[in-house]
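Step one of this worksheet: look at the structure below.
The values are calculated or read from the model by the stated rules, or taken from the named source; none is laboratory data. All figures in this text were calculated on a predicted structure; none of them were measured in a lab. Note: ideal-geometry Cβ built from the backbone for every residue, glycine included; neighbour counts use all protein chains shown.
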Amino acid sequence: MKIKEFIVVEGKDDTTTIKRAVDADTIETNGSAINEETIEKIKRAQETRGVIIFTDPDYPGEKIRKTIAEKVPGAKHAFLPKEVAIAKNGKGLGVEHASLEAIRNALRDAQIMSDTIKEEITQEDLMTAGLIGGAGSKERRVMLGKLLKIGYTNGKQLYKRLMMFQISRREFAEALAVVIQEEKNE
């Protein structure tokens, strides 16, 4: 699988794993303290071929993603569910620990966050759906994030991410129906 865009990752181990999964060029941030030179490199890459931000599914990874997204508009975002990014020994979490198939799937499903935000789903909808402020809401958000391919979020982030990825009311309702069905099957 050939990826046209540059893939922005955190480090060398991520690059090694990604190059085993797909044919692509990467840009490494070397941690969460992204310097201006790296930001400029990512901006140039976005102008020429586009970029996909593919960071670890943890707090530092989300911080890096947010920093880049603010400074490089129009970048695509690829997300890995936490459970597929855990090291085999259980000590570590990151892109470098994911299976090649999980990486290919995440890159195939990469999406652009929109600058023009329109509200289709309200905070009230999220509360009614049991996605914020109630028992089991975290588990529901985890499953919803996987189904919509927008990654895991806390309650506050979920609202923003649904708007940024322009998730329609229909997409939201369909994914929520699957979440509810899964809960009934447990």
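Note on segment 88-144: among residues that are acidic (Asp, Glu) and assigned to a helix (DSSP H, G or I), the one that is nearest to residue 69 (Cα to Cα) is 96.
If you go through segment 50-83 and keep only what is farther than 17 Å from residue 15 by Cα and part of a helix (DSSP H, G or I), you end up with 59, 60, 62, 63, 66, 67, 68, 69, 70, 71, 82, 83. Checking each residue in segment 29-49 for being over 24 Å from residue 153 (Cα atoms) and not in a helix (DSSP H, G or I) picks out 35, 49. Select from segment 66-81 the residues that are surrounded by 15 or more Cβ atoms within 10 Å (Cβ to Cβ) and not aliphatic (A, V, I, L, M) and write down the one among them that is modelled with the lowest pLDDT. Among residues in segment 66-81 that are surrounded by 15 or more Cβ atoms within 10 Å (Cβ to Cβ) and not aliphatic (A, V, I, L, M), the one modelled with the lowest pLDDT is 81. The residues of segment 150-163 that are farther than 17 Å from residue 54 by Cβ and in a helix (DSSP H, G or I), listed by number, are 155, 156, 157, 158, 159, 160, 162, 163. Applying the condition of being among the basic types (Lys, Arg) and in contact (Cβ under 8 Å) with a residue 40 or more places away in the chain to segment 8-65 and asking which residue is surrounded by the most Cβ atoms within 10 Å (Cβ to Cβ) yields 49.
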